[in-house]
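To start, the structure itself, in structure tokens.
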Amino acid sequence: ALQNLANSVFTPFLGIFAIKLGATNSQVALLSSLPALMSVAAMIPGASFIRRFSTKKKITAAFFLANRLFILAIACVPLFTGDTRAAVLVALVGLMNLPGAIANVSWQSLMGDIIPPKERGSVFARRNQWSGLVGFLPTLLAGKMLDLLSFPSGYQVMFLVAFCVSLIEIAIFTLIQEGDAKGESKVKEAATLVPDRSQPVRKRFKTEIRTVLAHKQYFRYNLCSVLFHFGWQMGWPLFTIYQVKHLGADNFWMAWFTVSQGIASFLSYRWWGRYADRVGNMRGLVFATLGMAVNPVFYVLSSKLWMIAFFNLSMGFFVAGTVLILFNSLLEVSPKEHRTKFIAYNNTLINLSAAIAPFVGNFAADLLGIKGALLATAAVRAAGAFAFACYSGLVTPNRKVAADKSTRRRLPQFWNK
């Protein structure tokens with residue numbers, strides 16, 4: 001909850017902060033793609049580093065702290081000269097994701113260790129629900145204060161508040177009783193996932209690839225996940241550009257967009273948790289991602305800011321389901337003896353996509369116009385939802401192995417390879 005509280009007075013306003021500093025469309029896209037690129041560089045080495053620790057709590061907290069220190073640095077960006085401020089902001093936002101990415105992998109693995117599989121749907125639904133609730137009012141207040149205070153002092157005050165809340169968040173995180181948790185039993189990483197360091201790098205790389213390919217469910221899941229995420233990430237800069245540059249949104253409107261989406265997420269997280277428990281993670285994911293494909297179309301139909309705030313209710317509903325079930329399904333398909341590293345592989349692929357997709361979205365906007373680019377984003381998301389639908393034919397809620405031959409014949413030939 002405190003993590004979301006800190007983010008609520010920081011993250012929603014980064015885009016408009018960058019634009020006020022003179023950021024170009026390409027730099028706005030970099031706010032999404034550069035952090036992802038940093039994650040690609042940090043994820044797998046970071047996961048290997050995390051595996052050296054018998055417990056994950058302390059090292060996770062250390063990386064969280066390193067990540068939050070960048071908020072203070074970002075608050076100092078206005079002190080630079082006018083021509084360099086936007087570039088410095090983009091660089092800092094990217095660099096803060098180096099420790100952030102490692103902390104995220106460690107946190108995900110820690111949660112997989114301490115929370116039993118049968119309880120994950122309800123536990124993470126409640127976590128996400130209450131985390132979202134605490135951010136509603138602070139987001140609105142921050143948006144209003146930013147419009148009332150002079151630029152850039154208002155942003156500096158809000159970012160300082162975010163940093164202070166983050167310190168409290170990390171302090172509370174360290175109170176988690178990792179050793180006493182009633183989760184899955186901890187198992188050592190298999191030898192196949194820890195190649196002999198005396199081997200050449202190329203041979204070690206091939207060993208890693210063979211290990212991943214040996215887990216076919218995980219490999220196929222990642223193909224679907226990357227396709228969907230690419231469409232999801234294409235829209236990140238487009239939404240900000242459309243809201244601010246085309247419809248003239250100020251900080252208060254940006255706060256309203258975040259809150260309207262958050263309200264819908266808050267009200268729906270528990271429903272999504274029960275729904276996924278009933279029909280299975282993969283089938284629930286098909287429904288959630290298909291709804292995500294419709295959201296850019298709603299933006300195309302919106303000519304007023306209040307319309308976007310209204311349609312963000314739908315966006316919040318489907319984002320809640322997508323975020324919740326994506327995480328649970330990743331834990332489901334990742335073998336527990338390799339969980340830390342397999343989560344890192346997945347996050348690396350997703351972040352590699354995020355390093356490219358915003359620029360593809362920006363290129364589509366230059367080529368097709370902002371509305372054409374939003375429709376292209378919707379099409380790619382729909383393709384990802386279809387891929388998950390194909391995958392769900394192989395992995396059903398009551399079966400952990402591949403479908404029988406009659407089912408496989410009904411699927412595209414690719415899935416039988």
**Message:** Just to be sure I understand, how many residues within segment 298-340 are under 22 Å from Met43 (Cβ atoms) and of a type outside the set (S, T, N, Q)?
**Reply:** 14
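Have a look at Leu331, Leu375 and point out the one that is within 28 Å of Phe252 (Cα to Cα), more than 14 Å from the chain's Cα centre (by Cα) and touching a residue at least 12 places away in the same chain (Cβ under 8 Å). Spell out how you get there, then give the answer.
Working: Leu331 fails: within 28 Å of Phe252 (Cα to Cα).
Going through Leu331, Leu375 in turn, the sole match is Leu375.
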**Item:** Every residue from segment 6-28 that is farther than 24 Å from Ile102 by Cβ and assigned to a helix (DSSP H, G or I)
**Value:** Pro12, Phe13, Gly15, Ile16, Phe17, Ala18, Ile19, Lys20, Asn25, Ser26, Gln27, Val28
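Yes/no matrix, rows are residues, columns are (1) over 22 Å from Gln3 (Cα atoms); (2) more than 23 Å from the chain's Cα centre (by Cα):
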| residue | (1), (2) |
| --- | --- |
| Ser32 | no, no |
| Pro35 | no, no |
| Met38 | no, no |
| Phe49 | yes, no |
| Leu65 | no, no |
| Leu72 | no, no |
| Gly82 | yes, yes |
**Item:** Residue list for segment 20-43, restricted to those being crowded, with 18+ Cβ neighbours inside 10 Å and of a type in the set (Val, Ile, Thr)
**Value:** Val28, Val40
**Prompt:** Are any of the residues in segment 254-263 at pLDDT 85 or above, aromatic (Phe, Trp, Tyr) and over 30 Å from Glu337 (Cα atoms)?
**Reply:** yes
**Item:** Pick from segment 238-249, criterion at pLDDT 90 or above and of a type outside the set (A, V, I, L, M), ranking: surrounded by the fewest Cβ atoms within 10 Å (Cβ to Cβ)
**Value:** Gly248
**Request:** Considering every residue within segment 122-129, establish whether at least one is surrounded by fewer than 22 Cβ atoms within 10 Å (Cβ to Cβ), closer than 19 Å to Asn347 by Cα and either under 16 Å from the mean Cα position of the chain (by Cα) or without any contact (Cβ under 8 Å) to a residue 40 or more places away in the chain (or both).
**Result:** no
**Request:** Within segment 278-312, work out how many residues are farther than 16 Å from Thr240 by Cα, touching a Leu at 6+ places or on another chain (Cβ under 9 Å), at pLDDT 90 or above and among the hydrophobic types (A, V, I, L, M, F, W, C).
**Result:** 2
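The values are calculated or read from the model by the stated rules, or taken from the named source; none is laboratory data. Predicted model only: the values in this text are computed from it and were never measured. Glycine gets a Cβ as well: all are built from the backbone with ideal geometry, and neighbour counts include every protein chain shown.
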